[in-house]
1. Can you compute 3J(HN,Hα) from phi for each residue in the stretch 58-69, using the Karplus curve 6.51 cos²θ - 1.76 cosθ + 1.60 with θ = phi - 60°, rounded to whole Hz and x for Gly and Pro?
2. Starting from the 7 Å offset along Cα-to-Cβ, what nm value, one decimal, do you get for the label separation of Val11 and Phe58?
3. So how far apart, in nm, are the two label points at Val34 and Leu21 if each is 7 Å from Cα heading toward Cβ?
4. Work out how much length Ala78 to Ala41 would gain on full extension: take 0.36 nm times their residue separation and subtract the Cα-Cα distance, in nm to one decimal.
5. Counting other beta carbons within 10 Å of each Cβ, put Lys49, Lys77 in order, fewest first.
6. What per residue convex hull volume, in Å³, do the alpha-carbon atoms of the stretch 28-86 yield?
Amino acid sequence: MIYLLLVLLIVTMILRPLRRLFFAFSTFFIPAAVGAIVAAAVGEYVIVKACVPWPYSFLIPGAMAAGAAIGCGGSCKAWCDQTFGGRNQRRGGNGTGSTGQTTR
């Protein structure tokens, strides 16, 4: 499972449209990818130590990786938005937004 996630991450970085999507929402996707890889590795370790039979030995690390990806990505994005401001938050005190147009 961890190798599948690494291959998917590498393919995402190579393909141009997916790379733009990945970096456009990097405050979510980068922590989500790291969290998924770490959770899959921990899940595989636990499954090997517990000698779990085949169907569950594939499903449990996958579920752990999905849950950790959503949790890590969401919490990191919320922290970045709270600390650095939202993506579409108005900046500056002169009445102009991020596009430079005046508000009416």
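Just so you know, all these numbers are worked out from the coordinates, no wet-lab data involved. This is a predicted model, so every value here is computed, not measured. Cβ sites come from the backbone with ideal geometry, for glycine too, and all protein chains shown count toward neighbours.
1. Coupling constants for the stretch 58-69: 9, 6, 5, x, x, 5, 5, 5, 5, x, 5, 5 Hz.
2. That separation, rounded to one decimal, is 1.6 nm.
3. That separation, rounded to one decimal, is 2.3 nm.
4. Details: separation 37, 0.36 × 37 = 13.32 nm, distance 2.52 nm.
Gain on extension, Ala78 to Ala41, equals 10.8 nm.
5. Details: Lys49 8, Lys77 18.
By the 10 Å Cβ count, ascending, the order reads Lys49, Lys77.
6. Dividing the Cα hull volume of the stretch 28-86 by its residues yields 58 Å³.
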